[in-house]
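Scroll down for the structure; my scribbles are underneath it.
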Amino acid sequence: MKTNIALIGFMGTGKTAVGEVLAQRLNKTFIELDLLIEQKAGKSIPDIFQQDGEIVFRELEIEVTRETASKKNLVIACGGGIVLNKINIDRLRESSRTVYLTASPGAIVKRTSGEPGQRPLLEVDNPTQAIRELLKFREPFYQRAADITVNTSKLDINAIVEEIISRLKEDEGFNL
Ligand code: S3P
């Protein structure tokens, strides 16, 4: 029986904000993979990208995903690029249902521009264009990885959490 929920989706789709409330509602432990990566590296994500490069970041992401996927009763907020390495999704799915949070490109631009400097992949001359290109490239990866999909564009956090819970209640292979 699966007891973890892994939240996947692009940067700015609300994985952290939704994950915290969802974990509280279900009495599960909230884990943020990006934070585990920072702890393991002893530096921030922008520093990992800048000093060590994206590949080192992805290797750390694979490590913390493997360690986390073996635990129980978690709500896991994954980094937006988790789906790029299939091994991550295979490992997560052994213990988790994957919930894919989507949002329109416009909503993502708006949400991510409020937090400058935090996301190395958007530290470019034209972040709006980068978002559109990355979304287009990644969309099939997210879709392939998703058990449940929730469009967050028009919902507040509580409504998103309720939607996820009602979908999981119908799920016989999942232990709420
Ligand atoms: C990334 C998303 C970030 C973080 C890193 C790379 C990505 O996480 O893991 O900057 O490749 O989409 P959030 O989705 O929590 O911003």
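Over all directions, average the projected area of the Cα convex hull of the range 18-173 and note it in nm². Working shown, then result.
Numbers: hull surface 37.0 nm².
Projected over every direction and averaged, the Cα hull of the range 18-173 covers 9.2 nm².
Annotation: peptides 61-70, 12-21, 99-108, 113-122, ranked by per-residue average of other Cβ atoms within 10 Å with the highest first, follow the order 12-21, 99-108, 61-70, 113-122. A simple rule links phi to the HN-Hα coupling: the Karplus curve 6.51 cos²θ - 1.76 cosθ + 1.60 with θ = phi - 60°, which for the range 84-89 gives 5, 10, 4, 4, 4, 5 Hz, with x for Gly and Pro. Each 10 Å bin from zero up to the one holding the largest Cα-Cα distance in the range 4-46 carries the following percent of pairs: 26, 48, 25, 1.
Only alpha carbons enter this Debye calculation for the range 132-172, each as an equal point scatterer, and the log10 of I(q)/I(0) it gives at q = 0.14, 0.25, 0.31 Å⁻¹ is -0.43, -0.91, -1.00.
Across the range 94-160, the convex hull enclosing all Cα atoms gives 118 Å³ per residue. Label positions at Asn158 and Leu176, each projected 7 Å from the Cα along the C-beta direction, are separated by 1.8 nm. The coefficient of translational diffusion for the range 7-76, derived via Stokes-Einstein from the alpha carbon Kirkwood radius under 20 °C and 1.002 mPa s, stands at 166 µm²/s.
Quick note: the coordinates plus some simple rules give every number you see, no bench work behind them. Keep in mind it's a predicted model, so treat the numbers as computed, not measured. Here the Cβ is made from the backbone with ideal geometry for all residues, glycine too, and neighbour counts use every protein chain on show.
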